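The values are calculated or read from the model by the stated rules, or taken from the named source; none is laboratory data. These figures come from a predicted structure and were not determined experimentally. Heads up, the Cβs are rebuilt from the backbone with ideal geometry, glycines too, and the neighbour counts pull from every protein chain shown. Note: areas computed on protein heavy atoms with side chains; ligands, DNA, RNA excluded. Shrake-Rupley method; radii C 1.70, N 1.55, O 1.52, S 1.80 Å.
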Amino acid sequence: MKFSQSFTRTLKEAPSDETAVNAQFLIRGGFISKVMAGVYEYMPLGWRVLGKINNIIREEMNNVGGQELYMSVFQNKETWQATGRWESAKEVMYQFKDFNGKEYGLGFTHEEPLASVARRFINSYKDLPKAVYQIQTKFRNEARAKSGLLRGREFLMKDLYSFHTTQEDLDPYYEKVADAYARIFERVGVKAIRTFASGGLFSKFSDEFQVVAEIGEDMIYVNEKENRAINKEINTDEVLQGLGWDKKSLVEKSAIEVGNIFKLGTKFSEPLGLTYTDAEGVSKPVVMASYGIGPGRVMGTIVEVSHDSQGMIWPEAVAPFKVHLISLNKNTEAEEIYNNLKSSNTEVIYDDREDKSAGEKFADADLIGCPWRLVVSGRMEANEVEIKKRSEKESRIVKISELSSILK
Ligand code: ATP
Ligand code: MG
């Protein structure tokens, strides 16, 4: 993409109402635009990053046998009444009436709708196990939506649901998904610690994936030796004893919850009548689990843990572009490099603007944070280009002909 054609423009200053680093840099860079507290629109640069995060998640979910589907956001009251959650959800669920006075809600999670639709397709033990997921918009009436992409009132969630005959069938699958989660977070470039947390319905705990960061709203206690942690909400002597952990060796940290996986047992299948017939012809409730990740929250988290005073530093796997090419009055040469990179399928943003100073162009490259910066200027030989990693201070001059092998 040519910078001169970009739909968005960068800002020198962050908007004064944004206190979170992720929101400040993402808005300044033109990645997102704020509509109201907790509601952001993804501009082309931000949408590219989000798309890459989603694709990594998608690959790992497909790898554990997840089939992608797409549920509705618009929800029936009756489905939620079946499990008794219509009333208790009022705190978080946007609920409203239509012209006829009929009540509806906007999905903030999808256990009920999934259990409900699964009744049409799961009847026998031969139909199990199954796993489906979606990457879809959720709405939550969040009271404190002031940390940028970390806490949206409208946000994307990847939610996977698995269906099993028994807890014994679920347990190993659950571990497989936990491993897939570890791979997702590694691939997008954040260190996520698997953390014991509350909310396990048919198990003692749920598992959260927590990224240590100052801004995080969760408090966790890290067992560094095992690379595991326990959430403050369940940090009692009894639980620690059960885990065999020594209280004194744990390190207290603020952290961002980027993922959460739950064994649900039959909590949703029973009230909604999601049953199967076993080999003996006996009807039994399906055993379920659900597994969530917030791709937008992950994007905000990456910015929180990977930036410097000048801007964002994207890991290559999720960067909007791999290369940020800058021309300092050498547009003919730069254009050639641009075209060569494009034809070798290297993602490149090319700053071809003629009305910007070198300083402004460098500042924008640092702010946007693509992994590699290339500069062509009159100070170099005709066949040379300056190359610099966003994460490093030193630049060097290389031959243009060497570029493709360096960038590989
Ligand atoms: P929190 O405790 O931070 O409010 P939660 O425990 O309510 O989150 P879950 O219901 O476990 O969230 O949702 C699964 C995942 O969806 C979370 O781990 C997080 O990555 C993401 N998520 C949840 N709420 C939000 C939100 N308001 N904005 C962005 N992502 C969110
Ligand atoms: Mg959670």
Mind listing just one residue for me: the one in region 83-103 that is farther than 21 Å from Arg153 by Cβ and under 31 Å from the mean Cα position of the chain (by Cα) and, of those, nearest to ligand 2 (Cβ to nearest atom)?
-> Thr83
Mind telling me which of the residues Val222, Val251, Val212 ends up being within 27 Å of Glu316 (Cβ to Cβ) and out of contact with any Cys (no Cβ under 8 Å at 6 or more places or on another chain)?
-> Val212
Pairs with Cβ under 7 Å, 6+ apart, first in region 142-154 and of a type in the set (Gly, Ala, Ser), second within 15 Å of ligand 2 (Cβ to nearest atom) and open to solvent by less than 20 Å² (accessible area, probe 1.4 Å) | Ala145/Gly152; Gly152/Gly296
Could you check Pro172 against (1) touching a helix residue (DSSP H, G or I) at 6+ places or on another chain (Cβ under 8 Å); (2) more than 22 Å from Ser306 (Cβ to Cβ) and say which number it fails?
-> (1)
Those residues of region 73-87 which are at pLDDT 95 or above and either touching a His at 6+ places or on another chain (Cβ under 8 Å) or open to solvent by 60 Å² or more (accessible area, probe 1.4 Å) (or both) amount to Phe74, Glu78, Gln81, Glu87
Residues in region 111-124: is at least one free of Cβ contacts under 8 Å to residues at least 24 places away in the same chain and surrounded by 16 or more Cβ atoms within 10 Å (Cβ to Cβ)?
-> no
Exclusive hit being modelled with pLDDT under 95, more than 15 Å from ligand 2 (Cβ to nearest atom) and among the charged types (D, E, K, R), set Arg120, Arg144, Arg187, Arg183 | Arg144
For region 135-146, enumerate the residues that are open to solvent by less than 10 Å² (accessible area, probe 1.4 Å) and out of contact with any strand residue (DSSP E or B) (no Cβ under 6 Å at 6 or more places or on another chain).
-> Gln136
Right, Arg194: under 14 Å from Ile293 (Cα atoms), more than 16 Å from ligand 2 (Cβ to nearest atom) and either open to solvent by 10 Å² or more (accessible area, probe 1.4 Å) or among the polar types (S, T, N, Q) (or both) or not?
-> no
Report, ordered by the first and then the second residue, all pairs with beta carbons closer than 7 Å, sequence separation of six or more or different chains, a first member in region 389-408 that is in contact (Cβ under 8 Å) with a residue 40 or more places away in the chain, and a second member that is in a strand (DSSP E or B).
-> Arg390/Arg373; Ile400/Glu384; Ile400/Val385; Leu403/Val385; Leu407/Val323; Leu407/Trp372
Unique match (being within 11 Å of ligand 1 (Cβ to nearest atom) and either surrounded by fewer than 22 Cβ atoms within 10 Å (Cβ to Cβ) or modelled with pLDDT under 95 (or both)) among Phe99, Phe108 | Phe108
The lone condition Ser203 fails out of (1) within 16 Å of ligand 2 (Cβ to nearest atom); (2) within 20 Å of Met299 (Cα to Cα); (3) in a loop (DSSP other than H, G, I, E, B) is (2)
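Residue by residue, here is whether (1) acidic (Asp, Glu); (2) within 16 Å of ligand 2 (Cβ to nearest atom); (3) more than 21 Å from Lys12 (Cα to Cα) holds:
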| site | (1), (2), (3) |
| --- | --- |
| Gly294 | no, yes, yes |
| Val348 | no, no, yes |
| Ala358 | no, no, no |
| Ala363 | no, no, no |
| Cys370 | no, no, no |
How many residues are in a helix (DSSP H, G or I) and open to solvent by 90 Å² or more (accessible area, probe 1.4 Å) if we restrict to region 383-408?
-> 1
Would you check which residues across region 246-267 are open to solvent by 10 Å² or more (accessible area, probe 1.4 Å) and more than 30 Å from Val212 (Cβ to Cβ) and list them?
-> Thr266, Lys267
Give the residues of region 147-162 that are in contact with a Pro (Cβ under 7 Å, 6 or more places away or on another chain) and either of a type in the set (D, E, K, R) or open to solvent by 10 Å² or more (accessible area, probe 1.4 Å) (or both), sorted by residue number.
-> Leu156, Lys158
